[in-house]
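Novice: Take a look at the following structure, please.
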Amino acid sequence: MTQNFGPEARGAACTAQLLLSDQPILYPYVTQPDIMVVMSQEAYTRFVPELKEGGTLIVEQDLVRVADLPRQTKVYSCPATRLAEELGKRMVLNSVMVGFFTAVTQLLKPEAVRRAVADSVPSTLQELNLKAFENGYGYGVKSLVFNPHSQELEQVIYAKE
Amino acid sequence: MKADPRGVLTGTHFIDGDHACCEGALAVGSRFAAGYPITPSTEVLERFAARVPTVGGTFIQMEDELAASITLQGAVWGGAKAFTVTSGPGFSLMMEHIGYAVMTETPCVFVDVQRGGPSTGLPTLPAQADMMQARWGSHGDYEIIALCPNSPQECFDLTIKAFNFSEDFRVPVMFMMDEVVGHMTEKVVIPPADEIEVVPRRHTKRSVDDYLPYATNGDQVAEMAHAGEGYKFHVTGLTHDEHGYPNMTPQTQDKLIRRLQSKIRDAVDRITLLEEDGLEGADVVVVSYGITSRVAQRAIELARQQGLRVGKLRLITCWPFPEKRIRELAPDTKAFVVPELNLGQMVREVERAARALAGRASSCRPSS
């Protein structure tokens with residue numbers, strides 16, 4: 001996992017990139033992501049062109065307006081900020097998004113991600129972040145639909161074939 | 001000697017290279033750090049400041065890098081294993097005291113998480129442009145040891161090695177990370193304490209009356225005493241004899257400077273750490289270090305798929321430069337390729353070592 005940020009302490013664009021491989025990872029940066037989570041319009045404009053053809057885009061519903069996407073892109077959308085506000089802390093929208101990501105990508109075991117969320121926040125904020133994770137996860141599971149063509153649960157919204 | 005289990009966070013972790021470096025320092029028994037935070041090295045100190053009170057030690061945030069780089073040496077003479085952490089601009093400020101550590105033979109570690117320079121340059125992006133500064137940055141005639149990790153796991157493993165070399169040779173060791181290695185998060189496995197080898201301080205066994213601080217007694221490295229133990233000794237950056245007091249004659253200077261160099265040079269085989277692959281029958285040898293070595297690995301694999309005979313030589317020890325190995329390889333090598341995140345630093349060493357021995361081309365410099 002690598003991160004990219006400017007010298008500003010707050011309020012500037014930042015990214016985090018994660019590579020998963022069963023081979024040794026040699027180049028540390030992601031150049032054509034399979035999955036991209038976008039949480040601001042600025043990030044959308046700047047990074048979405050890098051998304052791999054046929055890739056998966058996950059957006060914060062109220063902060064990102066989706067436009068000009070390749071038709072094969074799978075888009076999942078989540079009102080993470082609102083779900084976080086329901087818990088009284090907008091700050092935990094990241095954990096909401098992690099939950100939503102876990103539900104819609106079905107890439108990782110939810111229990112493993114729960115442990116990772118708990119592990120990555122201070123102990124006083126564990127309960128809140130785990131609640132946020134559950135809310136995002138629940139929203140993701142509910143919004144999945146069964147696609148008879150692919151025989152998979154999917155939530156395909158904007159960029160249909 | 002085995003590591004003190006109190007400092008060893010045995011287990012499998014998902015941490016970045018900065019944090020791994022800190023854990024390496026704690027595991028090998030460092031209980032003192034002084035530093036002035038600077039991106040991209042801050043997380044090393046941040047973690048140390050949080051962790052060291054739990055194992056019994058001290059972190060001091062100093063007013064600047066000059067203060068940090070001399071405070072840690074006071075701690076060493078007080079008996080601690082100590083280090084400081086910085087990046088390019090701070091590394092420049094520490095040069096004077098790196099020379100002091102060389103001259104006084106103070107075992108300690110300087111971590112430089114390299115970023116783009118000169119000056120404040122690129123705080124959040126990687127570079128490997130302090131490599132010559134690590135070797136030659138302080139004035140005077142000296143030898144140094146520098147190690148270069150290429151993953152968070154190596155940030156842990158090699159920090160331990162850096163401390164061990166510093167104790168073994170009583171020399172400041174430069175630990176040359178870069179922003180990517182420092183900020184990249186990967187799996188890091190920390191072994192049990194009884195699997196971690198720790199080189200203890202070369203403490204004198206002589207009595208207070210019988211002790212000469214810079215007498216080498218047949219070895220090239222003298223034995224230390226610590227402040228407060230009753231030994232009477234003087235530590236100075238001035239040219240000194242075995243009593244430790246200033247003695248500014250050409251004879252004393254000659255003897256001292258030659259020993260400071262030969263204690264490293266004579267042990268170069270022991271200090272040299274390399275990773276080699278496919279060098280037998282290689283036409284082209286890629287010489288790399290740090291994060292660049294991982295990217296180069298991909299290029300090597302692609303070239304091999306095209307049928308080219310490419311060997312890999314990764315420098316884990318960058319200083320002293322492993323020139324013997326380059327000389328061995330040069331006669332059968334058509335070209336050395338030296339990718340690095342600068343416009344040509346270690347490539348000069350490869351060229352020097354391979355001169356007149358290599359085949360068609362001696363080396364390949366990066367284009368500007």
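Novice: Only one of these conditions is not met by B:THR104: (1) in contact with a Lys or Arg (Cβ under 8 Å, 6 or more places away or on another chain); (2) over 19 Å from B:ILE291 (Cβ atoms). Which number is it?
Specialist: (1)
Novice: Let me ask another. Restricting the first residue to the stretch B:144-171 and requiring it to be touching a residue at least 24 places away in the same chain (Cβ under 8 Å) and within 14 Å of B:LEU274 (Cβ to Cβ), which pairs with a second residue that is part of a helix (DSSP H, G or I) and basic (Lys, Arg) meet a Cβ separation below 6 Å and a spacing of at least six or different chains?
Specialist: These pairs meet every condition: B:ASN150/B:ARG294.
Novice: If you don't mind, there's one more thing I want to ask. Name the helices (runs of 4 or more DSSP H) wholly inside the stretch B:74-178 in which the number of residues that are closer than 25 Å to B:ARG201 by Cα and among the charged types (D, E, K, R) is 3 or more.
Specialist: Numbers: elements: B:88-104, B:131-136, B:152-169.
Hits in the stretch B:74-178: B:152-169.
Novice: Which condition does B:GLY182 not pass, out of (1) under 30 Å from B:PRO89 (Cβ atoms); (2) among the small types (Gly, Ala, Ser); (3) away from every other protein chain (no Cβ under 14 Å), if it passes all the others?
Specialist: Unmet condition: (3).
Novice: Only one of B:THR120, B:THR58 is surrounded by fewer than 18 Cβ atoms within 10 Å (Cβ to Cβ) and within 14 Å of chain A (Cβ to nearest Cβ); which? Reasoning before the result, please.
Specialist: Working: B:THR58 fails: within 14 Å of chain A (Cβ to nearest Cβ).
Going through B:THR120, B:THR58 in turn, the sole match is B:THR120.
Novice: Working only within the stretch B:236-251, note down all residues that are farther than 14 Å from B:THR216 by Cα and either modelled with pLDDT of 95 or more or within 21 Å of the chain's Cα centre (by Cα) (or both). Quick ask: steps written out before the conclusion?
Specialist: In the first step, residues of the stretch B:236-251 are kept if they are farther than 14 Å from B:THR216 by Cα; the result is B:236-239, B:245-251.
B:THR236, B:GLY237, B:LEU238, B:THR239, B:TYR245, B:PRO246, B:ASN247, B:THR249, B:PRO250, B:GLN251 - these are the residues of the stretch B:236-251 that are farther than 14 Å from B:THR216 by Cα and either modelled with pLDDT of 95 or more or within 21 Å of the chain's Cα centre (by Cα) (or both).
Novice: Another question, if that's okay. Quick check on the stretch B:192-219: of everything there that is within 25 Å of B:CYS318 (Cβ to Cβ) and of a type outside the set (Val, Ile, Thr), which residue is surrounded by the most Cβ atoms within 10 Å (Cβ to Cβ)? Working first, answer last.
Specialist: Let us first name the residues in the stretch B:192-219 that are within 25 Å of B:CYS318 (Cβ to Cβ), namely B:196-199, B:202.
Subset that is of a type outside the set (Val, Ile, Thr): B:197, B:202.
On the way: B:GLU197: 12, B:ARG202: 17.
Looking at residues that are within 25 Å of B:CYS318 (Cβ to Cβ) and of a type outside the set (Val, Ile, Thr), I get B:ARG202.
Novice: Of these, B:THR239, B:THR272, B:THR249, B:THR292, which one is out of contact with any His (no Cβ under 9 Å at 6 or more places or on another chain), of a type in the set (Ser, Thr, Tyr) and within 14 Å of another protein chain (Cβ to nearest Cβ)? Give the steps one after another, and end with the answer.
Specialist: On the way: B:THR239 fails: within 14 Å of another protein chain (Cβ to nearest Cβ); B:THR272 fails: within 14 Å of another protein chain (Cβ to nearest Cβ); B:THR249 fails: within 14 Å of another protein chain (Cβ to nearest Cβ).
Residue meeting the stated conditions: B:THR292.
Novice: How about the stretch B:295-317: which of its residues are within 14 Å of chain A (Cβ to nearest Cβ) and not polar (S, T, N, Q)?
Specialist: Hits for the stretch B:295-317 are B:VAL295, B:ALA296, B:ARG298, B:ALA299, B:ILE300, B:GLU301, B:LEU302, B:ALA303, B:ARG304, B:LYS312, B:ARG314.
Novice: If I ask for residues that are on the phi > 0 side of the Ramachandran plot and either of a type in the set (Asp, Glu) or away from chain A (no Cβ under 14 Å) (or both), which ones from the stretch B:9-55 would you list?
Specialist: Initially, the stretch B:9-55 is screened for residues on the phi > 0 side of the Ramachandran plot, giving B:11, B:29.
Once the filter is applied, which keeps residues that are on the phi > 0 side of the Ramachandran plot and either of a type in the set (Asp, Glu) or away from chain A (no Cβ under 14 Å) (or both), the stretch B:9-55 yields only B:GLY29.
Novice: Just name the residue that is surrounded by the most Cβ atoms within 10 Å (Cβ to Cβ) out of those in the stretch B:302-341 that are polar (S, T, N, Q) and in contact (Cβ under 8 Å) with a residue 12 or more places away in the chain. Please lay out each step first, then the result.
Specialist: Kept after step one, since they are polar (S, T, N, Q), are these residues of the stretch B:302-341: B:305-306, B:317, B:333.
Now narrow it down to the ones that are in contact (Cβ under 8 Å) with a residue 12 or more places away in the chain: B:317, B:333.
Details: B:THR317: 21, B:THR333: 24.
Among those residues, the one meeting the criterion is B:THR333.
The values are calculated or read from the model by the stated rules, or taken from the named source; none is laboratory data. This is a predicted model, so every value here is computed, not measured. Positions of Cβ are generated from backbone atoms using ideal geometry, with glycine treated the same way; all protein chains shown enter the neighbour counts.
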